[in-house]
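J.: Okay, here's the structure, questions in a sec.
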Amino acid sequence: MSDRLEFPDGVVRVTPLVGVPDSQSISLSTLLDAQHLQSALLTSFIIDTNWLLSHIQPHTPLTLIANQAQSTSSLHQNISWCNPEFVVPNVQIMHTKLMLLVYPGHVRFAILTGNLVEEGWTVVQNSVFIQDFPLDYTRVFSANEFSTSLALSLHDLSVPYSVVARLNHVDFTRARARIVTTVPTGGKR
């Protein structure tokens, strides 16, 4: 992958169905581009870690967030689990499905309708919004509505500040999506 942004204006794709050719679909392997992936933050209600890790190089640092922490394959040593701090009793559900994929020169942002499980990427057709943004560690970009909403949403999911702070080096000025969250935080902001 070059520094050229593949999805600079944002695009919606569907997940492929086994045996059904579709030029507008995108597989998890294509979306992740594991050969060039430097690090990733992935959230989903359910994550099948063994299946997911079969698509990612063992040395790639991952931050994973699921509704509840899950066991991790011993084949991948660079996984950090974030467990959302739910403050409201009996309301402990996290359904956010997003990806922040870091590559040399850019960050890929994706919003998913399906979970990170094989069936959601092969049997049940889901949608994925994808947009690539320039990344430059020598610059700090001004915050906008999108980057602020994203940072607050990640904070609500208990993502470490060190991960969220890296977003300052991403140019989100062409963002086409809007972040709308409903996280049962009990007003911890």
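J.: How many residues are under 21 Å from Thr60 (Cα atoms), part of a loop (DSSP other than H, G, I, E, B) and without any contact (Cβ under 8 Å) to a residue 24 or more places away in the chain if we restrict to region 5-33?
T.: Here the count works out to 0.
J.: Still on this structure, I have one more. Considering only residues that are hydroxyl-bearing (Ser, Thr, Tyr) and at pLDDT 90 or above, look in region 81-121 and name the one that is farthest from Ala177 (Cα to Cα).
T.: Only one residue fits best here, namely Tyr103.
J.: Failed condition for Asp3, given (1) open to solvent by 30 Å² or more (accessible area, probe 1.4 Å); (2) modelled with pLDDT of 95 or more, with all others met?
T.: Failed condition: (2).
J.: Sticking with this structure for a sec: Find the residue count for region 143-183, including only residues that are open to solvent by less than 80 Å² (accessible area, probe 1.4 Å) and assigned to a helix (DSSP H, G or I).
T.: Of the residues in that region, 17 qualify.
J.: Restricting to region 34-50, count the residues that are open to solvent by less than 30 Å² (accessible area, probe 1.4 Å) and not in a strand (DSSP E or B).
T.: 4
J.: Is it fair to say Val140 is over 25 Å from Ile26 (Cα atoms), touching a helix residue (DSSP H, G or I) at 6+ places or on another chain (Cβ under 6 Å) and either open to solvent by 50 Å² or more (accessible area, probe 1.4 Å) or not charged (D, E, K, R) (or both)?
T.: For Val140, the condition - over 25 Å from Ile26 (Cα atoms), touching a helix residue (DSSP H, G or I) at 6+ places or on another chain (Cβ under 6 Å) and either open to solvent by 50 Å² or more (accessible area, probe 1.4 Å) or not charged (D, E, K, R) (or both) - is met.
The values are calculated or read from the model by the stated rules, or taken from the named source; none is laboratory data. Because the structure is predicted, anything quoted here is derived from the model rather than measured. When we count neighbours, we look across all protein chains shown, and the Cβ atoms used for this are built from the backbone with ideal geometry, even at glycine. Please note that ligands, DNA and RNA were not included when accessible areas were found on the heavy atoms of the full protein model with its side chains. Shrake-Rupley method; radii C 1.70, N 1.55, O 1.52, S 1.80 Å.
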